[in-house]
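Reviewing the structure listed below.
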Amino acid sequence: MSAGLVALDELKRELAELKDLVGIASLLAWDQQVMMPSGGAAARADQLSTLGRIIHARATSPELGKLLDAAEPVTAGLDPDCDDARLVAVARYDFEKDVKVPADLRAAMTRVSAEFYPVWVEARRESDFGRFLPYLEQTLELKRRYIECMAPVTEPYDALLDDFEQEMTAATVRPIFARLKEVLIPLVRAAAASGAVDDTPLRRQLPVAGLQQMEQRVLARFGFDSAAWRLDTTVHPFETAIAISDIRLTTRYEVDGLESLFSSMHEFGHGLYEHQIAPELDSTPLAHGASLGWHESQSLLWENLIGRGLPFWERFASELTGVFPNELGSLAASDIYAMVNKVNPDFIRVEADETTYNLHVILRFELEQEMLSGELPLAELPQAWNQRMHDYLGIEVPEDRLGVLQDVHWSQGSFGYFPTYSLGHLRASQLWQRISTELTELSEEIRRGEFASLREWLRENVHRHGRKLTPAELQDRVLGGAIDPEPFIARLREKLAGIYGEALVV
């Protein structure tokens, strides 16, 4: 065997061990948010910081760089789509990015994130921004140091956005979001003022046992397999893939109506993406979604395109009313469909309807850039948040628990993450256009509670590739062009016209 092939084998073994270490860190983080007693917070911060330092040292070691140097000539002449060629290319990309970050900075970022999470939980519970503020200041200072490591960048925010959506820039995102604001702000005002949809039955507290029963039924139909999946509760719902055969979903029940059901459908989309990555990519850095924007396209497709669609409720309305006969009576599928699509400006992003959702994201995108640049003093963040909620959604935020403290992301240092939600929203609509032309019986299958053909289409066209393709490459191959807000806008207008009437939205 040539020296290059030996190096390639050694590289694969090293990357597999790194993947194992990252999986262990993910398991510790999952446990912190789901199972860990609150008294374990300090020890868990130490554990995650130590593990983060070990992972960073292995990911940036000179030995790994030498293995990459030796393996690259072996894959240089291969088809660029083959697994080995893509593995080496992705490993080189990750290595070159990781080596820019000093070990002490990486450890500090991990530690502050671990320490910040329980502070955020308490600050949110008590609606106490003052308690949140010092940790936010620390986190932003570390992010500024991180950005310096990534220089040169066109603008600072690009270094953070690139962590979640490779090669995406703020300059690309801004005109997309400007178009969404142009359409959505007047649409939200008009629909909210019409009063055409009464969703009172779904604005009440439903028994948790019934919600859990409904979620189990729906997720089982979607493809949830208890041999490889879990569903637990947490403060802020998320999904973690410890491996492609170990998928952890979470939801929460501190909300009214069917929000926990939609949360579970959303996180299922994330989990299915990781679960359907080609098995041969497991134990490699390719065994992950192409980007967070692609990940969100999958979660929002299952939550909104399926879960808020009329065919879905034509299948599940009777099951829902059967679980909640006293609370929901004999609501018809069309009634539930209108209720779950009501334009309802509200405080919480994860509970937002499809029409208002992107305005929540745009607000955060704008504030993150202003915080990062220093244009917005952090002490004034709640006021800036509340003003934009008034300007974009026409509502007054009564307390910070329902405003600036609602999301977990900043406590985790995830600046640059929020835009991927809307990028995923737009990709989901683009995907739906193509899926609808190729799976011509899909609506009837959904009415029968059958989702196998949709899962298979997503596996073949999106999921199996993992990170073999960059976000832009996957965009081009699957959708044939750039991210486009127009399919989402057209689909939204058509849906709302059917619920509210043509005069409102056309």
| With respect to the numbered conditions (1) touching a helix residue (DSSP H, G or I) at 6+ places or on another chain (Cβ under 6 Å); (2) closer than 30 Å to GLU115 by Cβ; (3) at pLDDT below 95, which one is the sole condition not fulfilled by LEU376? | (3)
| Test: residue in the range 145-167 that is acidic (Asp, Glu), in contact with a helix residue (DSSP H, G or I) (Cβ under 7 Å, 6 or more places away or on another chain), crowded, with 19+ Cβ neighbours inside 10 Å and part of a loop (DSSP other than H, G, I, E, B) | yes
| query | Quick one: which of ALA220, ALA191 is assigned to a helix (DSSP H, G or I), more than 18 Å from SER422 (Cβ to Cβ) and in contact with a helix residue (DSSP H, G or I) (Cβ under 9 Å, 6 or more places away or on another chain)? | reply | ALA191
| task | Taking GLY39 as meeting all but one of (1) crowded, with 20+ Cβ neighbours inside 10 Å; (2) over 21 Å from GLU14 (Cα atoms), write down the number of the exception. | result | (1)
| task | Please identify the pairs in which a residue from the range 306-333 that is within 22 Å of SER453 (Cβ to Cβ) and outside the structural domain of ARG217 (by TED's automatic domain parsing) has its Cβ atom under 7 Å from the Cβ atom of a residue that is among the basic types (Lys, Arg) and assigned to a helix (DSSP H, G or I), counting only partners at least 6 apart or on another chain. | result | none
| note | Flagged in the range 401-445 as within 17 Å of PHE365 (Cβ to Cβ), of a type in the set (S, T, N, Q) and assigned to a loop (DSSP other than H, G, I, E, B), in numbering order, are GLN406, SER414
| task | Determine whether LEU105 is touching a residue at least 60 places away in the same chain (Cβ under 8 Å) and either of a type in the set (A, V, I, L, M) or assigned by TED's automatic domain parsing to the domain that holds PRO237 (or both). | result | no
| How many residues, within the range 343-370, are surrounded by fewer than 20 Cβ atoms within 10 Å (Cβ to Cβ) and either basic (Lys, Arg) or touching a strand residue (DSSP E or B) at 6+ places or on another chain (Cβ under 8 Å) (or both)? | 1
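Conditions tested, residue by residue: (1) among the aliphatic types (A, V, I, L, M); (2) closer than 26 Å to ASP128 by Cα.
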site: LEU393; (1), (2): yes, yes
site: VAL404; (1), (2): yes, yes
site: GLN412; (1), (2): no, yes
site: LEU423; (1), (2): yes, no
site: GLN430; (1), (2): no, no
site: LEU439; (1), (2): yes, no
| Tally of residues being at pLDDT 90 or above and assigned to a helix (DSSP H, G or I) across the range 194-217 | 13
| Exactly one of (1) surrounded by 14 or more Cβ atoms within 10 Å (Cβ to Cβ); (2) modelled with pLDDT under 95 is unmet by GLU494. Its number? | (1)
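The values are calculated or read from the model by the stated rules, or taken from the named source; none is laboratory data. Quick caveat: nothing in here was measured; it's all calculated off a predicted structure. Backbone-built Cβ (ideal geometry, glycine too); neighbour counts: all protein chains shown.
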